[in-house]
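For reference, the structure discussed in these notes is given below.
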Amino acid sequence: MTDRYAVIGNPVEHSKSPLIHAAFARQTAQDILYERILAPLDGFVATVRSMREAGFKGANVTVPFKLEAFRLSDQLTERASDAGAVNTLTFSDHGLLGDNTDGVGLVRDIRDNLAFGIAGKRVLLIGAGGAAEGVLHPILEQQPALLVIANRTLDKALSMVKKVEEQGDFRYVSVNAYAFEDLEGQAFDIIVNATSAGLTDSQLPLPEGVFAPDALAYDMMYGRETPFMKFARERHAMVADGLGMLVEQAAESFYLWRGVRPQTAPVIASFRA
Ligand code: ATR
């Protein structure tokens, strides 16, 4: 019998996840069906309940339900609990297992697909919302020399740093919170844009010299060039959008559900084409 999965979101009609999972299923000969499900903004819990009743095996969760999925999960993986959000649910007789594959997706795209090592690098993470929280620990696990979190609202960056310090797992990495204006005079090897500024075509107030020579500028958004990507390209940084991350997080979810690791490179290449 065909196993059913879906991505739950609102909006969800533009999600590429069904195409990505269909490509993985063909490649690995897995008999699955992967759908898009639009949940009402106040109806996430009811949607999950009816999916379980209908026999779905799992779901990806996207905007704006990742926190609700976190709260609804009966069990959490360590990386979901670190992220404080869930993007992958597995339905079983024991309840809901919540995982988060976003961070590992970002790290694999940077490290493996773009062949850009994170260890020992100076990393700037811009943003302190859910997207930034989701990737913080996986980046720190790569042991950068330094991680700066910069955010328009400094308090949110400060509280992310405070949480890391309280957990005490990453004492070997220097982790700091900066306001944008404090970035003047600092240069970074890897800059990850985890803000939603690109959605409104807003420019981030980054200083001229923020990219070290041969720096990587990574925008977690995909689909078009954001002002951040344009700014980085014009300053000769290597520029990447979030398509690779999207495919990698999907591959990790697929592996979790099916126990088979799909090849991501051909899927990324076909979406680029
Ligand atoms: P997400 O789940 O996508 O992270 P979020 O939790 O609403 O969404 O966080 C959005 C992030 O983008 C925040 O870091 C936000 O900065 P504030 O904390 O100051 O609100 C950032 N952001 C959004 N629009 C921005 C803009 N025009 N300039 C700078 N930062 C922006």
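The numbers here are math on the coordinates, done by the rules we state, and not lab data. None of the values given here were measured: they were computed from a predicted structure. Counting neighbours? That spans all protein chains shown, and the Cβs are built from the backbone with ideal geometry, glycine included.
Can you compute the equivalent ellipsoid semi-axes for region 1-128, i.e. the square root of 5 times each eigenvalue of the Cα gyration tensor, sorted largest first and rounded to whole Å?
They are 26, 19, 14 Å, listed largest first.
Mind jotting down a quarter of the surface of the convex hull over the alpha carbons of region 108-182, in square nanometres, one decimal?
Result: 4.8 nm².
How big is the Rg/Rh ratio for region 186-273, C-alpha atoms only, Rh by Kirkwood, two decimals?
1.05
Just to be sure I understand the curve: with the Debye formula and one point per C-alpha of region 129-246, what is log10 I(q)/I(0) at q = 0.22 Å⁻¹?
Log10 I(q)/I(0), no solvent term: -1.47.
Sort S253, S73 so that the residue with the fewest other Cβ atoms within 10 Å of its own Cβ comes first and the one with the most comes last.
Fewest to most other Cβ atoms nearby, the residues stand as S73, S253.
Taking 1 over the mean of 1/r across every pair of different Cα atoms in region 46-186, what Kirkwood radius in Å do you get?
Roughly 16.2 Å, rounded to one decimal.
In vacuo Debye scattering of the chain, one point per C-alpha: log10 I(q)/I(0) at q = 0.09, 0.11, 0.12, 0.15 Å⁻¹?
Values returned for q = 0.09, 0.11, 0.12, 0.15 Å⁻¹ are -0.41, -0.61, -0.73, -1.12.
Under 18 Å from a point placed 7 Å out from the Cα of D74 along the Cα-to-Cβ direction: which residues of region 20-54 have their backbone N that close?
45-54
Connecting C-alpha atoms closer than 10 Å in a GNM of the chain, tell me which of A187, A54, A250 has the biggest fluctuation.
Highest fluctuation of the listed residues: A54.
What ranking of L97, L206, L89 emerges when the number of other C-beta atoms within 10 Å of each C-beta is taken as an exposure proxy, fewest first?
Listing L97, L206, L89 from fewest to most nearby Cβ atoms yields L97, L206, L89.
For each pair in K16/K163; K57/K156; K66/K163; K16/K230; K121/K162, compute the distance between the two Cα atoms and list the pairs where it is over 31 Å.
K16/K163; K57/K156
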